[in-house]
């Protein structure tokens, strides 16, 4: 692929992302920036479980899991643009975000890592919220992938093809 073609593709991706951001902001699909809990299976449950940083660890690569809702710093999240930031972050590297542990695909695990300077193995930290689902922003390539918390307490969150089943249904509280 020649340089001109690469620059056109890069420009097209940037324009696509801007259109998506403007569109989501216009329709309030990107929530405003304030602390929130993500409660799983919001259609049938008021108490959770919630999206949680395992052991409230502030270490890059810590698994994101489902756990009993307790409203601690391990469960406080902030949507800022297309990033989900862990409110309880206190790392010397700055804020920590939810990332895919590798290339975004079905089954990819979800971890915590620095928002601005993640290690090379963490691939993507762009998300949006629509129809009670936390959807991975994959630039319009491939099927829609959602953050999935199916399973018992302590199960690490993964990416799965969006299906609106209880394990992918999240209420923001």
query: So for the pair residue 165, residue 150, with labels modelled 7 Å out along Cα→Cβ, what separation do we get in nm?
result: 0.2
Cα→Cβ-extended label distance, 7 Å offset, between residue 103 and residue 73, nm: 3.7
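Coordinate-derived values only; no laboratory data. Nothing here was measured: the structure is a model prediction, and the numbers come from that model. Neighbour counts run over all protein chains shown; Cβ positions are idealised from the backbone, glycine included.
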